[in-house]
Amino acid sequence: MLVIIKSDKLDFNFSFNQSANEVLEGLRASFVEKFGAEVFARASKIIVMEDNFYNVIKDRYGPTLIGEINDQIYDLIDSHLSV
């Protein structure tokens, strides 16, 4: 299951000087709080969208990604759907 959500649907606030690990853990915790551990566990990929970038907070087939530019999002989704 592929899940794509806008970050404003999660109660997580980004701040300057946050490490990628802090952002990743914060987004994961916010997602689980909002949608539950079962949805998180069942999803093969979870993408959190911002206006100009995206974060992959779970990917069963690849690495997590923090702060990636939106130019690559369609390729990322296509590669996931072809697995």
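I want the local charge near Ala29. Using Cβ-Cβ distances under 14 Å, sum +1 for each Lys or Arg and -1 for each Asp or Glu among the other residues.
Numbers: positive: Arg28, Lys34, Lys58; negative: Asp11, Glu22, Glu25, Glu33.
Neighbour charge sum, excluding Ala29 itself: -1.
What does DSSP give for the chain in terms of the percent of beta bridges that are antiparallel, rounded to the nearest 5?
Details: 8 of 13 bridges.
Approximately 60 percent, going by the DSSP bridge assignments.
Of the residues Gly62, Ala20, Met1, the one whose Cα sits farthest towards the positive end of the charge dipole of the chain is Met1 (charges of +1 on Lys and Arg Cβ, -1 on Asp and Glu Cβ, taken about the Cα centre). Mean residue ellipticity at 222 nm, helices only, the chain: -11000 deg cm²/dmol; runs of at least 4 DSSP H residues each add -39,500 (n - 2.57), and the sum is divided by the number of residues. Counting only the Cα atoms, region 2-81 fills a convex hull of 84 Å³ per residue.
Charges only on Cβ, +1 for Lys and Arg, -1 for Asp and Glu: so what's the dipole of region 2-81 about the Cα centre, in debye to the nearest 20? Could you put the intermediate results ahead of the total?
Details: 8 positive and 13 negative charges, 70 e Å.
Here region 2-81 has a charge dipole of around 340 debye.
For region 1-75, averaging the sequence separation of C-alpha pairs within contact (under 8 Å, six or more residues apart) and dividing by the residue count gives a relative contact order of 30 percent.
Laboratory data are not the source of any read-out in this text; all were calculated from the coordinates shown. Please read these numbers as outputs of a predicted model, since none were measured by experiment. Neighbour counts run over all protein chains shown; Cβ positions are idealised from the backbone, glycine included.
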